[in-house]
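Comments concern the structure below.
Each reported figure results from applying straightforward, stated rules to the coordinates on display, with no laboratory input. Model, not experiment: these values are computed from the prediction. With ideal geometry, Cβ positions are generated from the backbone for all residues, glycine too; neighbour counts draw on all protein chains shown.
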Amino acid sequence: MSASNDEPVLDRGRLDAITGGSAGLARELLTALVDEASGITAEIRSTAELAGDRMRDLLHALKGVAANVGAVRLQRAAEDLERADFHDAPTLRSCVARLGEELAALTALR
């Protein structure tokens, strides 16, 4: 797994580039990211036992929304889960839990 704790929760430079430095727009984007990522993460949790194509589609969507705003650690957590062995239940649970932790860290920044 990636050493995501060495990376920032959020790439503020990326967010500033997207928002033109507007704090209000940054808050709006973070709120939208957290809302969308929360829904995707909830579905990943419920799909975790099924894995397969739906899981890959959800992870791809989560990586995309995270990358668009600069949510570096959430993006890395999704990438790690994407590479995980879906048949290894402890690893799968650990990766899904990490998604929740990274989402919580982003939520705290709003």
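Remarks
- Length gained when the stretch residue 43-residue 97 is fully extended (0.36 nm per residue, less Cα-Cα span): 18.1 nm
- Evaluated with a Cβ-only charge set (Lys, Arg +1; Asp, Glu -1), the chain carries a dipole of roughly 200 debye about its Cα centre, given to the nearest 20.
- Proxy reagent accessibility, fewest Cβ within 10 Å first, across 65, 34: 65, 34
- Rounded to 10°, Cα long-axis angle of helix 72-83 versus longest principal axis of the chain: 20
- On the basis of the beta-carbon distance and an R0 of 30 Å, residue 108 and residue 85 show a calculated FRET efficiency of 0.45.
- Over the stretch 41-98, Cα pairs under 8 Å with separation of 6+ residues give a relative contact order of 32 percent.
- Debye intensity ratio I(q)/I(0), log10, the chain, q values 0.14, 0.16, 0.24 Å⁻¹ (C-alpha model): -0.51, -0.65, -1.31
- Packing-based ranking, highest mean first, of 87-94, 38-45, 70-77, 53-60 given that Cβ atoms within 10 Å are counted: 70-77, 38-45, 53-60, 87-94
- Mean separation of Cα pairs under 8 Å and 6 or more residues apart, divided by the residue count, gives the chain a relative contact order of 36 percent.
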